[in-house]
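Data block below; observations after.
The values are calculated or read from the model by the stated rules, or taken from the named source; none is laboratory data. Please read all numbers here as calculations on a predicted model, not as lab measurements. No Cβ is skipped: glycine too gets one built from the backbone with ideal geometry, and neighbour counts run over all protein chains shown. Calculation scope for accessible area: heavy atoms of the full protein, side chains included, ligands and nucleic acids excluded. Shrake-Rupley method; radii C 1.70, N 1.55, O 1.52, S 1.80 Å.
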2 protein chains.
Amino acid sequence: MAGIEGDDSATVSGSTLGYALLSLLTRGPATGYQLTQQVKAPLGHFWTARHSQIYPELARLSAAGWVDSVEQAGPGPRAKKTYAVTPAGLAALRAWLVIPPTAQPRSEITLKAYAATSADPAAMAALYTDLADRSTRLLAEYEQDAARMRAAGQDDPAHPRFGNYAVLMMGVESQRAVHRWARWLASCLRTGRPVAYGEAAD
Amino acid sequence: MAGIEGDDSATVSGSTLGYALLSLLTRGPATGYQLTQQVKAPLGHFWTARHSQIYPELARLSAAGWVDSVEQAGPGPRAKKTYAVTPAGLAALRAWLVIPPTAQPRSEITLKAYAATSADPAAMAALYTDLADRSTRLLAEYEQDAARMRAAGQDDPAHPRFGNYAVLMMGVESQRAVHRWARWLASCLRTGRPVAYGEAAD
DNA sequence: CGAGACATGTAACATGTTACATGATTCT
DNA sequence: AGAATCATGTAACATGTTACATGTCTCG
């Protein structure tokens with residue numbers, strides 16, 4: 001009904017993956033291959049997709065008129081296609097963005113903690129010590145990236161790549177949270193006694 | 001090969017959902033219906049499953065010899081089945097627990113932040129203000145639950161329900177992280193200028 | 001006597017992973 | 001010459017959601 005020409009958006013639907021790809025394409029036109037690379041960081045800290053999922057989804061977005069593509073004779077057996085968001089695609093993205101998400105997070109490491117007392121305490125303690133170490137490394141990495149982005153002015157909401165910075169900051173917060181929790185849990189399992197939160201030794 | 005009689009565990013496999021159900025059943029025998037309720041909290045903060053997924057999975061676990069069931073004439077058209085973990089099931093769970101998890105987290109709210117600059121700033125700021133409020137409420141709720149558990153001695157790794165406490169503590173950490181991040185992001189979007197982390201007003 | 005909890009299942013569909021399949025270009 | 005990277009797709013399978021289907025028991 002309303003608005004954009006060629007917009008048959010009575011169907012408001014579309015998968016989350018589709019919107020993720022539209023978000024990536026707002027940074028500029030890209031091929032399926034490039035999107036597969038770009039979904040790795042920083043978005044990949046909180047959202048991933050393989051090329052086998054991306055290519056069919058691009059075809060669906062194209063059929064819906066939310067992206068269009070130009071072909072250039074590529075290196076392989078098939079032509080290389082560069083995709084760009086259409087006005088209808090951008091409108092769909094904007095409409096989706098302001099809908100409050102409902103999806104529950106899923107964390108396998110927390111699920112394992114739920115059954116922690118069923119396993120060998122030393123082995124479980126090692127698991128969470130490793131996790132704490134990993135989060136320390138990731139945190140250092142993310143903080144470096146964040147500092148670089150700030151130097152480039154990406155912490156300004158007016159910067160077109162502000163979203164990259166926002167995602168990275170969530171990564172920083174998450175890794176801090178994981179670090180504190182994993183260190184505490186490892187400490188509990190190692191000592192076999194209750195450990196006050198914040199008093200866990202490394 | 002080794003060990004438990006009746007154990008044909010050359011097949012080490014099994015789905016994550018299966019292990020989640022085994023973890024729940026280590027708390028004691030339960031019906032599919034009860035598991036559906038129990039998966040809601042605190043495990044549901046980080047793992048969910050509907051009854052339509054649970055019933056077939058219980059049948060698979062039963063076929064694998066990881067749980068066994070007794071039927072009692074139930075209220076409805078079908079008999080009510082109470083499931084319990086077998087020694088083979090417990091062994092499988094223990095083996096799975098110590099494998100470092102690899103699954104990436106998926107967060108729709110962070111994905112939306114990635115495209116934050118494509119939407120109306122006021123609407124996006126409202127989205128993250130709501131999220132900050134929600135995390136405040138959840139945090140208060142979780143902290144109360146945690147205090148109750150500590151009073152019951154569940155913060156002791158020797159307590160059979162220590163896992164419930166560990167999951168809840170991850171919930172506390174996560175909601176704190178989300179709160180700080182959402183408040184900061186809302187502040188950025190509201191003012192339209194870079195906001196130093198930790199200096200976001202409510 | 002109606003609403004809601006108790007209780008178990010199946011079917012259709014949507015989403016996501018692993019593996020299969022092909023072939024050019026660039027670097028070592 | 002072989003490996004890595006560029007580049008696009010399909011098929012089979014695993015996982016998860018929504019909707020369909022049935023019927024009892026308890027409380028108000």
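Some observations on this one:
- All conditions in (1) in the same structural domain as residue A:181 (by TED's automatic domain parsing); (2) in contact (Cβ under 8 Å) with a residue 60 or more places away in the chain hold for residue A:45, with the sole exception of (1).
- The one condition in (1) at pLDDT below 95; (2) more than 12 Å from DNA strand C (Cβ to nearest atom) that residue A:84 fails to fulfil: (1)
- Any hit, segment A:129-147, residues being within 7 Å of another protein chain (Cβ to nearest Cβ), open to solvent by 10 Å² or more (accessible area, probe 1.4 Å) and of a type outside the set (Val, Ile, Thr): yes
- Filter result (part of a loop (DSSP other than H, G, I, E, B) and either within 14 Å of DNA strand D (Cβ to nearest atom) or crowded, with 19+ Cβ neighbours inside 10 Å (or both)) within segment A:42-54: A:42, A:46, A:47, A:49, A:50
- Residues located in segment A:83-119, provided they are more than 7 Å from chain B (Cβ to nearest Cβ) and either surrounded by fewer than 16 Cβ atoms within 10 Å (Cβ to Cβ) or within 18 Å of the chain's Cα centre (by Cα) (or both): A:84, A:87, A:95, A:96, A:99, A:102
- Within segment A:148-177, being open to solvent by 20 Å² or more (accessible area, probe 1.4 Å), more than 9 Å from every other protein chain (Cβ to nearest Cβ) and either aliphatic (A, V, I, L, M) or at positive phi (or both) holds for A:149, A:151, A:152.
- Residue within segment B:179-199 that is touching a helix residue (DSSP H, G or I) at 6+ places or on another chain (Cβ under 8 Å) and within 16 Å of residue A:198 (Cα to Cα) present: no
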